[in-house]
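Visitor: First, the structure itself, so that you have it in front of you.
None of the figures in this text is laboratory data; all of them are computed from the coordinates on show. Since this is a predicted model, take the numbers as computed values, not measurements. Here Cβ is always computed from backbone atoms with ideal geometry, including for glycine, and neighbour counts include all displayed protein chains.
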Amino acid sequence: MVGVVVAIVWMKDLFSVVMLLGIYGLLTASFFVAMDAVDVAFTEASVGAGISTLLLLVAVAKTKRKEHPVRHKPYIALLVVIVTGALLIYGTFDMPRFGVADAPGHTHVAQRYIQDSYEEIGIPNIVTSVLASYRGFDTFGEVVVIFTAGIAVLALLSVVGGVSGVRRQSFYEQHSMYEQHKVLRIVSKILIPFILMFALYVQFHGEYSPGGGFQAGVIFAAGLILFAMLFGLSTAQRFIKIAWLQLMAALGVLIYGAVGVVSFLNGGSFLDYSVLLENPVAGQHVGIILIELGVGLTVASVITLIFFTFANRKEQYQIVDSTGE
Amino acid sequence: MLNHLPILQVIVPLLAAPICLFLQKPKIVWLFACVATALTFLISVLLLQQVNVSGTLVYELGGWEAPWGIEYRIDDLNALLLLIISSISAVVMWAGHISLSKELNADRHLYFYVLYLLSLAGMLGIVATGDAFNVFVFLEVSSLSAYALIALGRDRRALWASYKYLIMGTIGATFILIGIGLMYQMTGTLNMHDLATRLPEVSQTRTVFVSFAFIVVGVCLKLALFPLHLWLPNAYAFAPSLVTALLAATSTKVAIYLLIRFTFSIYGLSFSFTTLPLNVLFLVLGVLGVFVASVAAIYKRNTKRLFAYSSVAQVGYMIIGFSVGTAAGLSASLIHIFNHALMKGAIFLALGAVVYRVGSVNLSQINGLGREMPYTMAAIVIGGLSLIGVPLTVGFISKWYLIVALLENGWWPVALLVLLGSLLAVIYVWKVVESAYFKPADSDREPVKEAPLGFLIPVWVLVIANVYFGLDTRLSVGVAQAAAAGLFGVTP
């Protein structure tokens, strides 16, 4: 991991940097597996190693491959980094030792999650119980963060007026693998349905095994993006419209919020799923499935949205270039 | 419904944001956003009333009691901040449609309103919550939307300003997160109230010390404390006028709230001020901030930048009050938070009216505007007098309580410096007044009309508030003192 990080800093070729970042994400994910945090590892693998690599690649494709040479020497930044690092290491001296059973992190709040969550919520995956129910409001906040990111990208980068009207070969169809790489296209054609299926499995099986709305949304979006990359952006956008995606993202947030509102109309407090049904445990279950649906919807739409907005941008420029405006 | 007020405060703007996307038409979205922000304001008034009557309100989210679940905990301090944020955002929103029509392409208006509501909801969420990690989540919501809002400015330099803010803000947020993580490791809890009871046991460890250092530095980045203020002037100068008015009046206040919350309620007074020489450090940085930023403001030709530097200076006053370490000092800070929101809200909104008519806020373009836009310029003048601290305005109240607190503590040299700082404010406010009233209009600038009524009304609401709360201080001083007393009461 240290080797990869040093290489990232030294490299001037941005394409290799992105690839190395992907490797870094995967290594981090393996670390999490080694520490028995499977859910986190899953998220890191799909987000850190998967989707962010993809988005960075699109960004590199849209800009330049080489880093600009830096003229000034950022000594102050180096100093800040060194001080921060030293402080962090200094802070570790008094930490409870790794894996000690009586560390405060294991004995205080976590105790109840481990002992009682199955009875109170009725699902075996404790991580999902904590994320979706005990600390459900944090997860709601995270979904809103993702929604905000999507809207921010749209607000800044969306193409004015849309590309409609002029039927033309898209950037991807000219330059990318559209014409060449038959093997890739056929293999992905077979793979994509399975990727989408797997996403749905992760979505609906999140209570029992690692996974849930975040990972499912990311995987689903990855499937769609793969399709768009191989078969051309305009083909993909013929049936996935940005206008629809942004409504879907909003809908995801609203589903999550609506579950909360319904629970306080039913006499509980915000996001108290126990009051959704007569039986509190069943209510928890229904609540979690619904909010995970909202999470998945928002995550998948926002990521696809960001990809399309990035990719569309270059096409617009190309049109401008070719008409000489 | 009344017992759900704490959560409604946050989710009304939060859920209004995605609903905007379904409404599509900019004018309808604007009306909807106005209703949503007005409702949010109403809720904050009701909340303050409830806190006054029945003391601290606790709301358990998801029905799980803290520390297992997340709780909202509203006391005088939170209620005051909620009132400031929601009132300013509601008033600024009234001017939304008119101001945006000149400053933003019509197809971006929809996204602007969505981001505005999200930013508002994020700030309210930070203030309302009683959970340290929840603070971070809503910090992300509010900062992310703020970066995008700033980048929407017409000038291309807005992108660079926003990028700088993004880098600094992300470092700040990451530092806060590291601090929270280290605290969790030592205590096993994220609930603020629970942290406050469990931290003293481990307060002598290096890990807790480091967590405190990270949180303080992170928060100071966010609140633009000198010398970490470099992102602020450009961000305020190039953002759309409405965004400047909103952020200048609210976002640094939220960061100061966090500083107060972490130092007083979580780590506790004895840890923050006795174990560490925090008050000396803050006193020096606060005084330096007042002087460096005020002098910098004097040399600025763009009035938005000028008042942005003045904001950095005003943060200095708040930090000076904070560093005194007494209830009187803290309440002086809180009073100034309230009053400064009113001053800067009025000034930047009035500058928005200038942008609407003139298209620029450079001093040379303002020449002679006193005759052409009398009501707008009068608003800026009253706001400026308030900044200086002239009697009958809220600025006087702030300075009065700050100086009294300093003198009570025997810090009369600092009190003298505060007065000197006000003299610097006289100079930079005078530069604007001189341009507007005593210089002839530039020949290359077309004569302009007064701003439309839809713009003047919100500006003057804020200006009148500046004068009203300068005379009737029951609300601001009363709540601030109650909040300060509460903070000193809780911590032994």
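Visitor: For chain B, with only Lys/Arg (+1) and Asp/Glu (-1) charged at the beta-carbon, what is the dipole magnitude about the Cα centre, in debye rounded to 20?
Guide: Value, rounded to 20: 1220 debye.
Visitor: Give me the one-decimal nm value for the distance between modelled label points at B:HIS4 and A:HIS205, 7 Å along each residue's Cα-to-Cβ direction.
Guide: Once both label points are built, they end up 3.7 nm from each other.
Visitor: Related question: What does the helix-only formula give at 222 nm for chain A: each DSSP H stretch with n ≥ 4 adding -39500 (n - 2.57), the total divided by the residues, and the result rounded to the nearest 500 deg cm²/dmol?
Guide: -23500 deg cm²/dmol
Visitor: Only four residue types carry charge here, +1 at the Cβ of Lys and Arg and -1 at the Cβ of Asp and Glu. Report the dipole size of the protein assembly as shown about the Cα centre in Debye, rounded to the nearest 20.
Guide: So the magnitude is around 2940 debye.
Visitor: Beyond 21 Å between alpha-carbons counts as too far, so tell me which of A:LYS62/A:LYS189; B:LYS304/B:LYS344; A:LYS12/A:LYS64 fall in that bin.
Guide: Beyond 21 Å: A:LYS62/A:LYS189.
Visitor: Additional query: Hey, could you pull the Cα Rg and Dmax for segment B:416-464, both in Å?
Guide: 15.8, 45
Visitor: What does the convex hull of the alpha-carbon atoms of segment A:204-325 project to on average, in nm²?
Guide: 9.4
Visitor: Express the Stokes-Einstein translational diffusion coefficient of segment B:83-239 in µm² s⁻¹, to the nearest whole number, given a Kirkwood radius over alpha-carbon pairs, 20 °C and a viscosity of 1.002 mPa s. Walk me through the numbers before you get to the answer.
Guide: Details: Rh = 17.0 Å.
Calculated translational D: 126 µm²/s.
Visitor: While we're looking at this one, here's another question. Quote the relative contact order of chain A in percent (integer), defining contacts as alpha-carbon pairs under 8 Å separated by 6+ residues.
Guide: Computed over chain A, the figure is 20 percent.
Visitor: Based on alpha-carbon atoms only, what is the radius of gyration of segment B:22-128 relative to the globular estimate 2.2 N^0.38 Å?
Guide: 1.25
Visitor: What number results when the radius of gyration of segment B:275-384, computed over Cα atoms, is divided by 2.2 N^0.38 Å? Could you put the intermediate results ahead of the total?
Guide: On the way: Rg = 16.5 Å, N = 110, 2.2 N^0.38 = 13.1 Å.
Taking the Cα Rg and dividing by 2.2 N^0.38 Å, one obtains 1.26.
Visitor: Past the 19 Å Cα-Cα mark, which pairs from B:LYS253/B:LYS399; B:LYS102/B:LYS449; B:LYS102/B:LYS164?
Guide: Beyond 19 Å: B:LYS102/B:LYS164.
Visitor: What percent of all Cα-Cα pairs in segment A:1-95 falls into each 10 Å bin, going from 0 up to the bin containing the maximum distance?
Guide: 15, 30, 38, 16, 2
Visitor: Taking the beta-carbon count within 10 Å as an exposure proxy, list B:SER364, B:SER142, B:SER272 from fewest neighbours to most.
Guide: Fewest-to-most ranking of B:SER364, B:SER142, B:SER272: B:SER364, B:SER272, B:SER142.
Visitor: Sort B:184-191, B:311-318 for me by packing, meaning the mean count of neighbouring Cβ atoms within 10 Å per residue, highest on top.
Guide: Packing proxy ranking, top to bottom: B:311-318, B:184-191.
Visitor: Still on this structure, please answer the following. Roughly what angle does helix A:52-62 make with the longest principal axis of chain A, taking Cα atoms, 0 to 90 degrees, to the nearest 10?
Guide: The angle comes out near 20 degrees.
Visitor: Sticking with this structure for a sec: When the Debye formula is applied to the Cα atoms of segment B:2-490, each taken as the same point scatterer, what base-10 log of I(q)/I(0) results at q = 0.10 Å⁻¹?
Guide: At q = 0.10 Å⁻¹ the computed log10 ratios are -0.69.
Visitor: Oh, and also: In peptide B:107-113, what is the residue-averaged number of other protein chain Cβ atoms found within 10 Å of each Cβ? Intermediate results must be reported in sequence, preceding the final value.
Guide: Numbers: counts 6, 5, 1, 4, 8, 2, 0.
Going residue by residue through B:107-113 and averaging, the value is 4.
Visitor: Please report the net charge: other residues with Cβ closer than 12 Å to the Cβ of B:ILE88, K and R +1, D and E -1.
Guide: +2
Visitor: Now for a separate question. Could you compute how fast the protein assembly as shown diffuses translationally, taking Rh as the Kirkwood radius over C-alpha pairs and applying Stokes-Einstein at 10 °C with viscosity 1.306 mPa s? Give it in µm² per second.
Guide: 57
Visitor: For A:ILE288, B:ILE11, what ranking results if the residue with the fewest other Cβ atoms within 10 Å of its Cβ goes first?
Guide: Exposure proxy ranking, most exposed first: B:ILE11, A:ILE288.
Visitor: While we're here: Report relative contact order for chain B in percent, whole number only (criteria: Cα-Cα under 8 Å, sequence separation at least 6).
Guide: Relative CO of chain B lands at 15 percent.
Visitor: Right, another one. Provide B:CYS20, B:CYS34 in ascending order of the number of other Cβ atoms located within 10 Å of each residue's Cβ, fewest first.
Guide: Going from sparsest to densest Cβ surroundings: B:CYS34, B:CYS20.
Visitor: Set Lys and Arg Cβ to +1 and Asp and Glu Cβ to -1, take the dipole of chain A about its Cα centre, and tell me which of A:THR84, A:ALA61, A:VAL109 lies farthest positive.
Guide: Value: A:ALA61.
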